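Accompanying notes for the structure given below.
The values are calculated or read from the model by the stated rules, or taken from the named source; none is laboratory data. What you see is a predicted model, and the numbers here were worked out from it, not measured in a lab. For neighbour counting, all protein chains shown are included, and Cβ atoms are generated from backbone atoms with ideal geometry for every residue, glycine included. Ligands, DNA and RNA are excluded from the accessible area calculation, which covers all protein heavy atoms including side chains. Shrake-Rupley method; radii C 1.70, N 1.55, O 1.52, S 1.80 Å.
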Amino acid sequence: MGQTKWTAGFIAKCALIAALYIALTGLFAPFGFAAVQVRISEALCVLALFTPAAIFGLTTGCLISNLLWSTLGILDVLFGTVATFLSVVCIYQLRRQNFFLAMAPDILFNAFLVSLTLMLVAKEAYWLSVFCVGVGQAIACYALGYPLYRLLDRYKEKLPL
């Protein structure tokens, strides 16, 4: 990540990204928490391709969202937040690579870590959960995230990213 300067502008970007993630997660909460899930707000992980502020904003947004809406308790807060943090750090590091490769960590970390929570708390079958959560993440990252990425990439010079 290099040296991140915690200026007022950088903190504001982090807060705005966190607020967007929380709002989208809350708005679509029925679809974002379960063995079969598509967390619409995960499409925002594409922001890590443009700014390191996404690392802190998305991690904070996930933490708060899981505290507010998860029915799986503290393990979901812990594993879900760690999955998001690891994902966006990797996405940021891979930002100069192919979009689909760069977004793969979000699918993988969430599939394996969220499924661990589902197995421990909800007694879901682990490998079935890995598949289901992975498919949901792929939908969020690729089907929703790719059009968002293309839009942001087209206007990145005009956006305060």
message: Compute the helix-to-body angle for 145-154: its Cα long axis versus the longest principal axis of the chain, expressed 0 to 90° and rounded to tens.
response: 0
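Once you charge only the Cβ atoms, +1 for Lys and Arg and -1 for Asp and Glu, what is the size of the charge dipole of the chain about its Cα centre, to the nearest 20 debye? Write out the running numbers ahead of the final one.
Details: 10 positive and 6 negative charges, 96 e Å.
In debye, rounded to 20, the chain gives about 460.
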task: Could you tell me how many degrees, from 0 to 90 and to the nearest 10, lie between the Cα long axis of helix 8-27 and the main elongation axis, the longest principal axis, of the Cα atoms of the chain?
output: 30
- prompt: Of all accessible surface on the stretch 44-161 at a 1.4 Å probe, what whole percent is carbon and sulfur?
  reply: 70
- line: The summed charge of the GLY145 Cβ neighbourhood (under 9 Å; Lys/Arg +1, Asp/Glu -1) stands at -2
field: Given charges at beta-carbon only (K, R positive; D, E negative), |dipole| of the stretch 77-159 in Debye
entry: 280
- prompt: Residues with beta-carbon under 14 Å from that of PRO105, excluding PRO105: net charge, scoring Lys, Arg +1 and Asp, Glu -1?
  reply: -1
- request: Would you work out the relative contact order for the stretch 79-161, in percent, from Cα pairs under 8 angstrom that are 6 or more residues apart?
  value: 26
field: Candidates ARG150, ARG39, ARG95, ranked by Gaussian network fluctuation over the chain, Cα under 10 Å, top entry
entry: ARG150
- prompt: Separation of the stretch 127-161 and the stretch 1-64 by C-alpha centroid, Å?
  reply: 12
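Please compute the per residue accessible area over the chain with all protein chains in place, 1.4 Å probe, rounded to a whole number of Å². Write down the numbers at each step before the final one.
Numbers: 8120 Å² over 161 residues.
Normalised by residue count, the accessible surface of the chain is 50 Å².
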